[in-house]
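The values are calculated or read from the model by the stated rules, or taken from the named source; none is laboratory data. Being a predicted model, the structure only gives us computed values, none of them experimental. Glycine also receives a Cβ, built like all others from the backbone with ideal geometry; neighbour counts cover every protein chain displayed.
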Amino acid sequence: MINIVVNGKQHQFDGDGEMPLLWYLRDELGLTGTKFGCGMALCGACTVHLDGQPARACVTPIGALQGRSVTTIEAVHTQRIGAAVQNAWIDKQVPQCGYCQSGQVMSAVALLSTKADPSDADIDAAMSGNICRCATYCRIREAIHVAAEEIKHA
């Protein structure tokens, strides 16, 4: 039996410990905001927070999560930084197709949780593992700067 906290709620999993966290979130818990992209941790669409750090759910086996805490896009707005990032994403009209955006938001929140006033280089480095096929990278960077300002003045 694997005990895991997802979005602040305790869950128990009694299945194959090799199941990727992504499929547990989507198929078992119905949290479909975390997307499948490449299945090899290369595109970032499946990014969640594992104990506050960005992690790729497509390659994280649920068996490795005993007693750990996962936050998904469905709950990131409950945190001050998450709400600021989501507001900036809307304000700057970041998404086009939107498929990668949950992973992008999760990576941006992780960045702003550790660096309150990131430079463009900081943003580029933190977001480099997230691919946007629509190439909204300039809007993503701008939205992160806007969120950082909102957080400073909140």
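Being more than 20 Å from ILE81 (Cβ to Cβ) and surrounded by fewer than 15 Cβ atoms within 10 Å (Cβ to Cβ) is the filter here; which residues of region 37-52 pass it? Scanning region 37-52 gives CYS38, GLY39, MET40, LEU42. If only residues of region 134-147 that are among the aliphatic types (A, V, I, L, M), buried (at least 22 other Cβ atoms within 10 Å of the Cβ) and without any contact (Cβ under 8 Å) to a residue 60 or more places away in the chain are counted, the one that is farthest from VAL94 (Cα to Cα) is ILE144. Quick one: which strands (runs of 3 or more DSSP E) sit completely within region 22-125 and have at least 2 residues that are more than 18 Å from VAL146 (Cα to Cα), in contact with a helix residue (DSSP H, G or I) (Cβ under 9 Å, 6 or more places away or on another chain) and of a type in the set (Val, Ile, Thr)? Qualifying strands (runs of 3 or more DSSP E): 47-50, 69-71. Looking only at residues in region 126-154 that are in contact with a helix residue (DSSP H, G or I) (Cβ under 9 Å, 6 or more places away or on another chain) and among the basic types (Lys, Arg), which one is nearest to ALA41 (Cα to Cα)? Looking at the filtered set, the residue picked out is ARG141.
Scanning region 1-33 for residues that are buried (at least 18 other Cβ atoms within 10 Å of the Cβ) and in contact (Cβ under 8 Å) with a residue 40 or more places away in the chain yields ILE2, ILE4, VAL6, ASN7, PHE13, PRO20, LEU21, LEU25, LEU31.
I want to confirm something. Restricting to region 26-78 and keeping residues that are within 10 Å of the chain's Cα centre (by Cα) and among the polar types (S, T, N, Q), which single residue is nearest to MET127 (Cα to Cα)? Per the criteria, the residue is THR47. Restricting region 94-117 to residues that are over 21 Å from LEU50 (Cβ atoms) and of a type outside the set (Asp, Glu), the residue that is surrounded by the most Cβ atoms within 10 Å (Cβ to Cβ) is VAL94. If I filter region 78-85 for residues that are assigned by TED's automatic domain parsing to the domain that holds PRO118, basic (Lys, Arg) and within 22 Å of LYS115 (Cβ to Cβ), do I get at least one hit? The answer is yes; a qualifying residue exists. Whether a residue is touching a residue at least 60 places away in the same chain (Cβ under 8 Å), crowded, with 20+ Cβ neighbours inside 10 Å and at negative phi was assessed, and ALA55 does not pass this test.
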